[in-house]
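Read-outs: derived from the displayed coordinates by stated rules, not from any lab. All values derive from a computational prediction rather than experimental measurement. Heads up, the Cβs are rebuilt from the backbone with ideal geometry, glycines too, and the neighbour counts pull from every protein chain shown.
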Amino acid sequence: MSETNIAGFPILSLVTFLPLVGVAILATLRGDEAAVAQNARWTALWTSLLTFMISLVLWGRFDPSVSGFQFQESRDWMPEYGVGYRMGVDGISVLFVLLSTALTPVCILASWDAIRTRVREYMIVFLILETMMVGMFCATDFLLFYVFFEAVLIPMYVIIGVWGGPRRVYASLKFFLYTLTGSVLMLLALLAMWQRAGTTDISVLLHTPFPYNMQYWLFLAFMASFAVKVPMWPVHTWLPDAHVEAPTAGSVILAGVLLKMGAYGFIRFSVAMLPDASAHFQPLMFALGVVAVIYTSYVALAQEDMKKLVAYSSVAHMGVVMIGIFTFNQQGLDGALFQMLSHGIVSAALFLCVGVVYDRIHSREIARYGGLSDRMPAYALVFMVFTMASIGLPGTSGFVGEFLVIVGAFKVNFWLALLGALGMILGAAYMLYLYRRVMFGRITKDDLKSILDLSPREIAVFAPLVLLTLWMGVYPSSFTSFFDATTGAFVQGHDQAMLGSAGQGLRPLTPLGTSPQTPLIRLGTNKIGVWGLVPSGVLGAKPLAFLPASTGTNLP
Amino acid sequence: MNWTAALPEIFLSCAGMVILLLGVVQKKDSTTLCTMGVLAAFAMAAMLVLQVQPTAAYHGLFVTDAMATFAKLLILAGAALTAVLSLDFNAKAGTARFEFPVLILFSTVGMMTMASAANLMTLYMGLELMSLAIYVLAAFARDDLRSSEAGLKYFVLGALASGLLLYGISLTYGFSGSMDFGRLAQAITDPDGVSTGLMVGMAFILAGLAFKISAVPFHMWTPDVYEGAPTPVTAFISTAPKVAPFVALLRVMVGPFGHVTVQWQPIIVLVAIASMLLGSFAAIMQSNIKRLMAYSSIGHMGYALVGLAAGTEAGVRGVLIYLLTYVAMSAGAFACIIAMRRDGRAVERIADLAGLAKTDLPLASLLAIFMFSMAGIPPFAGFFGKLYVFLAAVQVGTPIMWTLAILGVLTSVVGCFYYLRVVKVMFFDAAEPAFDARPAGVSFVAVASGAFTVLFVLALGAFTGAAGSAAKALFG
């Protein structure tokens, strides 16, 4: 592993841990409550802005033509057990680091007036959350990744539980326990991989072949964790609750970054390290993705609560992402990544939009509104942009991602593409229906007659998001260029792994009627069985005995 | 004969006598003075422990190896932390008597002897010295009905457990002809040819030690004693006196019975599973935080037993790291519980913590850190304890160990529920009146344990190395 860090200084550690410096400053603030609150807001804003500006170095100095990890750092942690503090970003993760650092100041601005109690603690928790998110995307050591991945739960639990709505206790607990249950199973998978490879270095694990029946169980364990995080149908039920109860900024981070952690995990670990099992489970993942797209879109259509509607639309959009990831071709993967970024901005912005009216009227019920476009033209315009982006109108960021995913899906199977594309139509239905009910019509409620349009602070929050949405829609290649080389190499590596394992007779897909190079599925025919859940003969024998004490015990 | 091997214990015993004399001749209240003396003796003993060379002394009755050093330092640290905690509590509870620190000291001598035991008789002597002192400590608030009951209960059940242990020792001696760990190991080599009497003896020894670490099904005393005993005593019981019997258990299982792992592994697996399940499910309904901690410690012992069940060097290393993190978390959590005092009266319902984040954010944050750590959420110390025992289980890789690992992680999620409930009460609920100002000693223990719990992640390599060499010493 070559130590390449073209920045010349440990930039990733700096970006990761700089927010903690802000936390230290916040912890020392003294004075009367109002002054502390105001100082806390400014300290947190400047800390997050500074972090964002430093992270822009990544944007400038990242070399998109290289597919490996860049800006690498490495420190000893437990050298004799192959565990280290390893940081690095590649084309897949670099933009998520930027997304996290960009959304944090937006969230702090959005909480400026909305959070009035325990402001200092709120800002402390938010900055800790930023550290954990950024660290998770930067970690190139599995154990380090896991530490950050799990640690995210604590600040998010506190944000929902302390500053949330009336059912915050239920929602925060559900969020925590759902996610934890999945994660602990991933921990076992981590231990099994660690035991086999003798290290937790991700760049080594990526090139460690795991035997097929081991992959099968590892994949299921990873899926338990990442599917909850994405969230995939049917384990998505924590998401609407968490979103509805979380304060606006909490929803923004949840939708913008936390959901991406699951999809990121699928790309980084499931697909990249377990190619055979990923191919084996491809039909299942497609099925779950399609169900998520169609079912949750219908559910969204029936919602009376604005936040819940946006939350369900998130599940649908992440379903599209999952379909894209498991196409295993460049279009699908590029589309999935682009859709993740786009969704990170658009859904975050939609939650902010809900927050704007919630701050004024203190209700998220759709029926409570109507005719807002008369009183709030600027708000109506902003909401329109993000509604269109959510639907996937050409010219907005949402279009590029969905389009690429559908192209990728089309290369796999016509029906898959068709069903996936249904999401766009249904998306148009529920988003436009929402827009009509909130914005158009006549103002009948008294308090709406005096409602104020966007304040300068709110415009400052939305302006960068609108610009980004349009930029990503009009000129997507300034973003896709970051991950093109990486996904290209990724797909190539995956195909080779498939060919290799086909040569060794480990290929399990024959029962499903697919060929090694281009995994095809036949949706709608009975050949698919129970969506690949039944292991092939290789697995049937001794499912738990894939780790005999004698094999590859590199650990002392 | 190399009598200096036991120098720390000899020094501590002598220091104990001197402090006892001092307490007797002193006319006015000498509790603070005696506690300071005990703390100084602990510090001195810790230095002596570090000086002692690895050797076997007293005709093989007593060994000093890396394992003993690791365990003794941990025991001394745990005992010292609880001695600090007791200072203010006893003064306020009207039980400030100089015997308290002296009893802690003698109990510690017993535990250190256990950690060095290389003979079943040494083990028994150490265990009894430890236990007798704790029986008295549990009933220390002798005017308090609950405390007297706790002391009596602990004594009666503890005597039963000692009886079981002694019976097991005698059976083992009768069927193998020795009580020396080394000679037992030579005698018991054939996993299939172990005589029934020896097996029964081993099971009785296991039961006696399992009682001391409060593993299911020998846990019955734990909730009542934890609740009834004065809180510093509960803190004491849940830290060092868990470490010593556990280390003795490791020594016995890996030493004399090391060749017949297949015989005792199923027992340990069952005990571990039962402890994890009971520890996580039974705690859910508790409303008293000391009872909650009792079930929590039952669960923790279950997780630590996972490492022993693996029966490997990595497993023993995992157990030691688990005990290390457990002592820190437990001492810290009990420091926070001792800080729960309203209008001069100690309160111990979980509901009394309501809204603590509003009235005392530092205390609430510390207790939250201990709770998250006990739940096994990274980056806190408790996570790494679990990581290492489960790693050991996964490395063995047999179906039974996988079952243990999977059940273990799932029960940790259940356990997480009640830890989170404490956090929820402190952070999400409406505020109760503030607690009284904390004494400096309690704050010190809470902050020191909190710093250890949070910063453990940075020093992981060093602690893993120390635990690793201790485990290596055991496997020779």
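The local environment of B:V442, defined by Cβ-Cβ distances under 10 Å, has a net charge of +1 under the rule Lys, Arg +1 and Asp, Glu -1.
Amide H contacts under 5 Å for A:G441: A:G371, restricted to partners 5 or more places along the chain or on a different chain, H placed in the peptide plane at 1.01 Å from N.
Projecting the Cα atoms of B:L206, B:G126, B:A40 onto the charge dipole of the protein assembly as shown (Cβ charges, centred on the Cα centre) puts B:L206 farthest toward the positive pole. Legend: ranking of residues A:D374, B:D360 from fewest to most surrounding C-beta atoms inside 10 Å; resulting order A:D374, B:D360.
Close amide H contacts of B:A139 (hydrogens built in the peptide plane, cut-off under 5 Å, sequence separation of 5 or more or a different chain): B:G151.
Dividing the mean sequence gap of close Cα pairs (under 8 Å, 6+ apart) by how many residues chain B holds gives a relative contact order of 16 percent.
Checking every one of the trypsin sites (Lys or Arg not before Pro) in segment B:4-72 against DSSP loop status and a limit of 11 other Cβ atoms within 10 Å picks out B:K27, B:K28. May I ask you to derive the FRET efficiency for B:K472 and A:W46 from their Cβ-Cβ distance with R0 = 35 Å, giving the value to the nearest 0.05? Step by step, r from the Cβ atoms, then E = 0.10. Dipole magnitude for segment A:1-280: computed about the Cα centre from +1 point charges on Lys and Arg Cβ and -1 point charges on Asp and Glu Cβ, it is near 540 debye. The Cβ shell under 14 Å around A:K449 holds other residues with a net charge of +1, Lys and Arg each +1, Asp and Glu each -1.
Mind jotting down the distance between the C-alpha centroids of segment B:100-176 and segment A:320-392, whole Å? If you average the Cα positions of each part, the centres end up 65 Å apart.
Relative contact order for segment A:286-508: 27 percent, from Cα pairs under 8 Å spaced at least 6 residues apart, divided by residue count.
Across chain A, Cα pairs under 8 Å and at least six residues apart give a relative contact order of 15 percent. Annotation note: trypsin sites (Lys or Arg not before Pro) in segment B:118-213 located in DSSP loop regions with a Cβ neighbour count of at most 14 within 10 Å are B:R142.
Against chain A, whose longest principal axis is taken from its Cα atoms, helix A:377-391 shows a tilt of about 10°. Computed about the Cα centre, the dipole magnitude for chain B is approximately 420 debye when only Lys and Arg (+1) and Asp and Glu (-1) carry charge, each at its Cβ. Its Cα centre serving as origin, the protein assembly as shown has a Cβ charge dipole (Lys and Arg +1, Asp and Glu -1) of approximately 1100 debye. Among residues other than A:S172 with Cβ under 11 Å from its Cβ, the summed charge is +2 (Lys and Arg +1, Asp and Glu -1). Reducing segment B:48-64 and segment A:107-160 to their Cα centroids gives an inter-centroid distance of 49 Å. For a test of the definition: using alpha carbon positions, the gyration tensor, and the 1.5 limit on a/c, classify chain B as rounded, prolate or oblate. Oblate, because a/c is 1.5 or more while a/b does not exceed b/c. How far is helix A:306-325 tilted, in degrees, relative to the longest principal axis of the Cα atoms in chain A, given as a value from 0 to 90 rounded to the nearest 10? On a 0 to 90 degree scale, this one is about 30. Axis of helix A:119-138 versus longest Cα principal axis of chain A: the two differ by about 30°, to the nearest ten degrees.
Could you tell me the center-to-center distance, by alpha carbons, between segment A:180-234 and segment B:345-403 in angstrom? If you average the Cα positions of each part, the centres end up 23 Å apart.
Between A:V474 and A:L14, the modelled labels are 3.2 nm apart [label points 7 Å from Cα along Cα→Cβ]. The residue among B:G197, B:S116, A:F326 whose Cα reaches farthest toward the positive pole of the charge dipole of the protein assembly as shown, with charges on the beta-carbon of Lys, Arg, Asp and Glu, is A:F326.
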